[in-house]
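**Student:** What follows is a single structure, and I will ask about it in a moment.
The values are calculated or read from the model by the stated rules, or taken from the named source; none is laboratory data. The structure presented is a predicted model; accordingly, all values stated were derived computationally and were not measured. A quick note on method: Cβ atoms are made from the backbone with ideal geometry, for glycine too, and the neighbour counts reach across all protein chains shown.
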């Protein structure tokens, strides 16, 4: 029990630090926000969704998640930059604190940043794409966090994995995008099913939950090795 | 090995046996064997690229050697992680946070389960010990190199380490600041340990590298000189 409480306190310590640093710099959120808004606007101009509401419903989920994936990638690429600068990562490697707590703290912080971007993005999409969900809208409360966690979990993990690579800006999307395909497929189809009301999203939600559980366990188990790799 | 002979009855703080480290075809260290007696200050000397920093990183457990064995405080560096502190060329601090914020964060990270958050030294005390004002509200990025070095030293002192590994601790300091720091390190050796008594090793040991060896020549207990990845000479003050 003490160990679990200690682990939780270390996770919260890392999370507080991440939020504190982001509050000072606002690097991640500002970049992601403008990137996703730009994608929303550019696609709305390219497809003119107001003239074809059915098409708008069918593509808006995909556009939103692809935009978020691209935006999150730009931010996640730099999510370990602060640890790399001044060799802070070495201080973490020498610390007796559990390595996975560092990972969980950072992934939770990234989750909150992307969620904040989504909160701004949803009304923008409703406005620009003139959409209102025809399916069960409350399921979005499940789809959005599960999809966001899938995105940031792998992004945070593979960003750490590619830290020592010279081409890490390129390496992260090269690893992250193929691995995220099942999650992306599930989250886009889940969101589209809620917006169009044409099919049942439960299968996609289950797939997304399974993806999240498997990859969370794998990342927690492997992060220590990634951190201590030379 | 001469350093070990000074106090042969006691356990060595660090033992390095036939350690080699290869980067492809380049040998950063070649069959290095040396020991550092428990208690006191030990100096590693050598030209740039001689292998001093590499040896310190191996002792800290940051690098696994290609061959040979390393024992630190009667265990592997990974096992003794909580009792070792390492200060590198880089500050190992978050630039965006103030000195106090950095120290509080690392103090809490260094605590074992069930202990209080700031169980060893307090961040304020550590900062005062290295001659810095704990009320400074500027982020570390706005500090001078010398000030960062001091905060970095305060960070390693926080964890009440038995073994301090210091890589060029005086490199960015002015003469007075460096002399003050040598005096502080001599003082640190006398600070009582709150940990480590379980192994019978209850003295602090400092192993440091510096190119300003004249600064510490009067304070060190042994000197080990490295040349191109091998031990060129060992000398203890008693010899």
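**Student:** Which members of segment A:11-39 meet the condition of being away from every other protein chain (no Cβ under 14 Å) and within 30 Å of residue B:103 (Cα to Cα)? Talk me through it step by step, then tell me what you get.
**Tutor:** Kept after step one, since they are away from every other protein chain (no Cβ under 14 Å), are these residues of segment A:11-39: A:29-39.
Listed by number, the residues that qualify are A:29, A:30, A:31.
**Student:** Now a separate question. Hey, residue A:33 hits all of (1) buried (at least 16 other Cβ atoms within 10 Å of the Cβ); (2) modelled with pLDDT of 90 or more; (3) more than 18 Å from the chain's Cα centre (by Cα) but one; which does it fall short on?
**Tutor:** (3)
**Student:** Now for a separate question. Going by the conditions given, is residue A:156 touching a helix residue (DSSP H, G or I) at 6+ places or on another chain (Cβ under 8 Å), surrounded by 23 or more Cβ atoms within 10 Å (Cβ to Cβ), in contact (Cβ under 8 Å) with a residue 24 or more places away in the chain and on the phi < 0 side of the Ramachandran plot?
**Tutor:** Numbers: touching a helix residue (DSSP H, G or I) at 6+ places or on another chain (Cβ under 8 Å): yes; surrounded by 23 or more Cβ atoms within 10 Å (Cβ to Cβ): yes; in contact (Cβ under 8 Å) with a residue 24 or more places away in the chain: yes; on the phi < 0 side of the Ramachandran plot: yes.
Yes; evaluated as a whole, the condition is true for this residue.
**Student:** Identify, by number, the condition in (1) modelled with pLDDT under 90; (2) in a loop (DSSP other than H, G, I, E, B) that residue B:82 doesn't meet.
**Tutor:** Failing condition for residue B:82: (2).
**Student:** Quick check: is even one residue across segment B:63-77 within 8 Å of chain A (Cβ to nearest Cβ) and either touching a strand residue (DSSP E or B) at 6+ places or on another chain (Cβ under 9 Å) or part of a loop (DSSP other than H, G, I, E, B) (or both)?
**Tutor:** As a first pass, look at segment B:63-77 and keep what is within 8 Å of chain A (Cβ to nearest Cβ): B:63-64.
Now restrict to residues that are either touching a strand residue (DSSP E or B) at 6+ places or on another chain (Cβ under 9 Å) or part of a loop (DSSP other than H, G, I, E, B) (or both): B:63-64.
Looking for residues that are within 8 Å of chain A (Cβ to nearest Cβ) and either touching a strand residue (DSSP E or B) at 6+ places or on another chain (Cβ under 9 Å) or part of a loop (DSSP other than H, G, I, E, B) (or both), one finds at least one in segment B:63-77, hence yes.
**Student:** Take the residues of segment A:36-50 that are part of a helix (DSSP H, G or I) and surrounded by fewer than 15 Cβ atoms within 10 Å (Cβ to Cβ): which is modelled with the lowest pLDDT? Write out each step before concluding.
**Tutor:** If we filter segment A:36-50 for residues that are part of a helix (DSSP H, G or I), which is where we start, we get A:36-47, A:49-50.
Next, from what is left, pick out any that are surrounded by fewer than 15 Cβ atoms within 10 Å (Cβ to Cβ): A:38, A:41-42, A:45-46, A:50.
Details: A:38: 90, A:41: 88, A:42: 89, A:45: 86, A:46: 85, A:50: 78.
Residue satisfying both the conditions and the ranking: A:50.
**Student:** Sticking with this one: Could you tell me whether any residue of segment A:82-95 is more than 14 Å from every other protein chain (Cβ to nearest Cβ), within 30 Å of residue A:164 (Cβ to Cβ) and modelled with pLDDT of 90 or more? Before you say what the answer is, go through the steps one by one.
**Tutor:** Initially, segment A:82-95 is screened for residues more than 14 Å from every other protein chain (Cβ to nearest Cβ), giving none.
No, segment A:82-95 has no match at all.
Per-residue answers, yes or no, for (1) more than 14 Å from every other protein chain (Cβ to nearest Cβ); (2) farther than 17 Å from residue B:36 by Cα:
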{"residue": "B:52", "(1), (2)": "yes, no"}
{"residue": "B:60", "(1), (2)": "no, no"}
{"residue": "B:82", "(1), (2)": "no, yes"}
{"residue": "B:85", "(1), (2)": "no, no"}
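**Student:** A follow-up question, please. When you scan segment A:119-128, do you find a residue that is away from chain B (no Cβ under 14 Å), at pLDDT below 95 and either part of a loop (DSSP other than H, G, I, E, B) or buried (at least 20 other Cβ atoms within 10 Å of the Cβ) (or both), even just one? Spell out the reasoning first.
**Tutor:** Here is the first cut: in segment A:119-128, the residues away from chain B (no Cβ under 14 Å) are A:119-128.
If we keep only those that are at pLDDT below 95 as well, we get A:119-128.
If we keep only those that are either part of a loop (DSSP other than H, G, I, E, B) or buried (at least 20 other Cβ atoms within 10 Å of the Cβ) (or both) too, we end up with A:121, A:125.
Checked segment A:119-128: at least one residue is away from chain B (no Cβ under 14 Å), at pLDDT below 95 and either part of a loop (DSSP other than H, G, I, E, B) or buried (at least 20 other Cβ atoms within 10 Å of the Cβ) (or both).
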